[in-house]
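Everything on this sheet refers to the single structure shown next.
The values are calculated or read from the model by the stated rules, or taken from the named source; none is laboratory data. All figures in this text were calculated on a predicted structure; none of them were measured in a lab. Here the Cβ is made from the backbone with ideal geometry for all residues, glycine too, and neighbour counts use every protein chain on show.
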Amino acid sequence: MSEELRPRGLTALAILNFVFGGLTALNAMRLFGMMAGMGDEGSDEIKAKIEQAGRAASTWLGIVFLFVAAVLLIVSGLGYLEHKKIKGRIVGIVYGIFALASTVVGALSGGDFNILSIIGLVYPVLTLVLVNTVFKSYLVR
């Protein structure tokens, strides 16, 4: 059986998914640790800041969204490497839509709009475009 060639761009997209997925998971764990430690004496400053903003519930929801995004990124990255239609293309599409929606909702609900928000908009759009056009024919198994 001859080895099928994978486009370098698809490999690069998979690597970016792993990097962004890992960073997203680390950010979720950092926020989780911060929120879980709110009962400690040393975290009075953090607790006051979050409660003052009235965002404790939305912060917990944000942590869940970050974990979901990290899982979707890593699973779709594996699918890209394996040329899988569902694990790569479909999960990549789900990630793109999920990330765009959560970024827009976060920005509209009073969150900060900064460079990370811009990346949160550009990378999912890039993913959606690439898996539905350039790499569509490679993600078929």
Cross-chain or 6+ apart pairs with Cβ under 6 Å, region 105-131 first and over 11 Å from PHE20 (Cβ atoms), then charged (D, E, K, R) and at pLDDT 85 or above: VAL131/ARG89
Could you list, in sequence order, the residues of region 103-117 that are within 19 Å of LEU72 (Cα to Cα) and surrounded by fewer than 19 Cβ atoms within 10 Å (Cβ to Cβ)? VAL104, VAL105, GLY106, LEU116, SER117
Within region 118-141, can you find the residues that are within 17 Å of LEU78 (Cβ to Cβ) and not in a helix (DSSP H, G or I)? PHE135, LEU139, VAL140, ARG141
Kindly list the number of the only condition in (1) in contact with a helix residue (DSSP H, G or I) (Cβ under 7 Å, 6 or more places away or on another chain); (2) part of a helix (DSSP H, G or I) that fails for VAL104. (1)
Residue selected from region 79-92 under the condition among the aliphatic types (A, V, I, L, M) and surrounded by fewer than 17 Cβ atoms within 10 Å (Cβ to Cβ), by the criterion farthest from LEU23 (Cα to Cα): ILE86
Among the residues in region 70-83, are any more than 27 Å from LEU10 (Cβ to Cβ), without any contact (Cβ under 8 Å) to a residue 60 or more places away in the chain and out of contact with any Phe, Trp or Tyr (no Cβ under 6 Å at 6 or more places or on another chain)? no
Among the residues that make up region 103-122, is at least one of them β-branched (Val, Ile, Thr), more than 17 Å from ARG6 (Cβ to Cβ) and touching a Leu at 6+ places or on another chain (Cβ under 9 Å)? yes
Could you say whether any residue in region 52-63 is surrounded by 11 or more Cβ atoms within 10 Å (Cβ to Cβ), part of a helix (DSSP H, G or I) and at pLDDT below 65? yes
Can you tell me which condition LEU78 does not meet? The list is (1) closer than 27 Å to LEU5 by Cβ; (2) part of a helix (DSSP H, G or I); (3) modelled with pLDDT under 95, and all the others hold. (3)
Looking only at residues that are in contact with a Lys or Arg (Cβ under 9 Å, 6 or more places away or on another chain) and among the aliphatic types (A, V, I, L, M) in region 66-78, which one is surrounded by the fewest Cβ atoms within 10 Å (Cβ to Cβ)? LEU78
